[in-house]
Amino acid sequence: MKKKTKPIVAYFCMEYGLKSDFHIYAGGLGILAGDYLKGAGDQGYPLVGIGIKWKQGYTTQVINTEGFPVDTYPIYEYDFLEDTGITVEVIIRKRPVFCKVWKCNQFGNADLYLLDTDLPQNEDPWITGQLYGWFGEERIAQEMILGIGGVRALRALKIPVDIYHFNEGHALLAGIELISEKMDRGLSFEAAWQTTKKEIVFTTHTPVIQGNESHPLDRLMYMGANISLKRSQLRKIGGSPFNMTVGALRMAKISNAVARLHGITAKEMWKKVKNKSEIIAITNGIHKPTWVDPKMLESADKSNQIIWNTHQRNKKKLIDFIYRRKGVKLDEEKLIIGFSRRAVPYKRSDLIFGNPRLIYPLLKSGKIQIVFSGKGHPLDDTGKKIVYRLVSMQKKFPNAVVFLENYDMEIGALLTRGTDVWLNNPRRPKEASGTSGMKAAMNGVLNLSILDGWWPEACQHGINGWQIGDTLVPDDEKDQDERDERALYQVLLNQVIPTYYEDRNKWIEMMRASILSTENEFSVERMLDEYIRLMYLHR
Ligand SMILES: *Cc1c(COP(=O)(O)O)cnc(C)c1O
């Protein structure tokens, strides 16, 4: 048989960030998936996405008068989705659940099929209610819809799939369905598993061990997620409790981490897992037309004045947006630092406030202005307290600290175009890749970042951005925090601020270097090309 050069791929993901107000995404994973589908669409690559049409999306998170984040759940309806006329059935808790299949290709993306249980004939139409909203049985039900329902939708749509790409472990039950299909045709479990392995590739995203989901085997059996498999067979795949990442590593012909450093971390993290696929590294990339101002890209080989003016226009757009939303007018002649991330402890959103003696005078005088955004997970009080602390800094320095509530793609785009510096200071090595820094870099917004995720691959300190600290990370978290805080101030006070105010030409040369050194390397085209060569065609 002739080897295909373009295997047909079905890409599975819980979330997709295609457009700011299409609320089927929560954060980085979805943004990556959305960009990937657009990249495949641009290149005409034969790939379809499988996802879920979330009725309420993730959370619409607003700040109440006490400064605390509050989750609201509007119901969203979209008039641009196409009804495929197809409904598939998944048996959950011994009862049939019907899933309607919608199609979406309005955003230049490869066809995306979305499953939806919100139908009158379902006893539980709420399975596709909230993205990452529920745990336990409800989460398994959601994963059954995505994985099992997803494969059944592909069959009903008569799409001849060569490769099933699981973007994160949530999609793993699709593999159980693929094995069951073959067992139903008479193959033994082992033979079905081995054959299925040739069809699956897996991308892992989570270097934080608790972020890798697992479910008790009994619960999976009770839900019917095993389909034709026995308990002992499920256990062979994912262990007990059944770990979704372990299962996916054992079900794939090849797996990947999302940056080189993450590749090293992931290999170390899963080294005790037997019978797993190889883990390679493919660094994430972004869809430039979505995130990067084309004028900024063009300006990179024009004069310093043109680069600067183009950037200042983006900066003014951000300042106007903040003025409209908050009634606060930031100063376009002064440095603006951007920081927007999920509010979780390891990202250390408030590290920059660690030393009041050094930082408060700079905020008081307006020499630095900081714009924050980010949501805490609805069920995570620690994350919400982080948001609360950022909001209280805004109260303390109303003209220099801004918190933009309800972080979404619109805010993401404005911030990564219109700030001057993009700050990133997670505990290392916990950030798998990060893509917001890539957006910033290509817009001439200079990265000031810990050497984590994608940044070690791009950083030329003092040339296209700055590194905070180095790669020597103390084991103790408190030591790490203190060390990184000192390193952050060191670079900020001795390099970033003086360059911005006293050496504008050098600053602009750094912006130019930032754009030129990242625009090809961290684009979704390069990423797609690597996935095709190293994963889809792997044998
Ligand atoms: C780009 C983007 C992300 C990903 O950001 P990282 O912090 O780099 O992982 C998440 N959310 C939104 C809204 C984005 O635009």
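The values are calculated or read from the model by the stated rules, or taken from the named source; none is laboratory data. Treat the numbers as computed from the prediction; the structure is a model and nothing was measured. Because the Cβ atoms are built from the backbone with ideal geometry, glycine has one as well, and the counts that use them run over all protein chains shown. For accessibility, only protein heavy atoms count, side chains too; no ligands or nucleic acids. Shrake-Rupley method; radii C 1.70, N 1.55, O 1.52, S 1.80 Å.
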What residue, among those in segment 112-158 that are farther than 19 Å from E177 by Cα and aromatic (F, W, Y), is least open to solvent (accessible area, probe 1.4 Å)?
-> Y132
Going by the conditions given, is V292 open to solvent by less than 80 Å² (accessible area, probe 1.4 Å), in the same structural domain as W454 (by TED's automatic domain parsing) and of a type in the set (V, I, T)?
-> yes
State all residues of segment 376-405 that are open to solvent by 30 Å² or more (accessible area, probe 1.4 Å) and within 18 Å of D71 (Cα to Cα); if no residue qualifies, say none.
-> H377, L379, D380, D381, T382, K385, Y388, R389, E405
For residues that are over 24 Å from Y500 (Cα atoms) and charged (D, E, K, R), tally how many sit in segment 264-313.
-> 8
Could you tell me whether any residue of segment 252-262 is buried (at least 21 other Cβ atoms within 10 Å of the Cβ) and either of a type in the set (S, T, Y) or more than 26 Å from the chain's Cα centre (by Cα) (or both)?
-> yes
Scan segment 271-285 and give yes if some residue there is out of contact with any Phe, Trp or Tyr (no Cβ under 6 Å at 6 or more places or on another chain), on the phi > 0 side of the Ramachandran plot, surrounded by fewer than 23 Cβ atoms within 10 Å (Cβ to Cβ) and not in a helix (DSSP H, G or I), otherwise no.
-> yes
Selection status of P69, out of contact with any Lys or Arg (no Cβ under 9 Å at 6 or more places or on another chain) and either modelled with pLDDT of 95 or more or within 16 Å of the ligand (Cβ to nearest atom) (or both) | no
Filter pass, G434 being small (G, A, S), within 16 Å of the ligand (Cβ to nearest atom) and open to solvent by 20 Å² or more (accessible area, probe 1.4 Å) | yes
Determine which member of the set Y346, Y360 is surrounded by fewer than 20 Cβ atoms within 10 Å (Cβ to Cβ), aromatic (F, W, Y) and more than 16 Å from the ligand (Cβ to nearest atom).
-> Y360
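Okay, residues lined up against (1) part of a helix (DSSP H, G or I); (2) among the basic types (K, R); (3) within 16 Å of the ligand (Cβ to nearest atom):
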{"position": "K316", "(1), (2), (3)": "yes, yes, no"}
{"position": "R342", "(1), (2), (3)": "no, yes, yes"}
{"position": "H377", "(1), (2), (3)": "no, no, yes"}
{"position": "S392", "(1), (2), (3)": "yes, no, no"}
{"position": "N399", "(1), (2), (3)": "no, no, no"}
Name the one entry in I322, I352 that is of a type in the set (V, I, T), touching a helix residue (DSSP H, G or I) at 6+ places or on another chain (Cβ under 8 Å) and either over 25 Å from L516 (Cβ atoms) or at pLDDT 95 or above (or both).
-> I352
Taking the options N443, N406, name whichever one is within 14 Å of the ligand (Cβ to nearest atom), within 21 Å of I286 (Cα to Cα), in contact (Cβ under 8 Å) with a residue 24 or more places away in the chain and among the polar types (S, T, N, Q).
-> N443
Among L229, L220, which is open to solvent by less than 20 Å² (accessible area, probe 1.4 Å) and free of Cβ contacts under 8 Å to residues at least 60 places away in the same chain?
-> L229
For segment 11-28, how many residues are within 11 Å of the ligand (Cβ to nearest atom) and touching a helix residue (DSSP H, G or I) at 6+ places or on another chain (Cβ under 9 Å)?
-> 5
Residue ID - farthest from N494 (Cα to Cα), chosen from residues in segment 468-482 that are of a type in the set (D, E) and touching a residue at least 12 places away in the same chain (Cβ under 8 Å) | E477
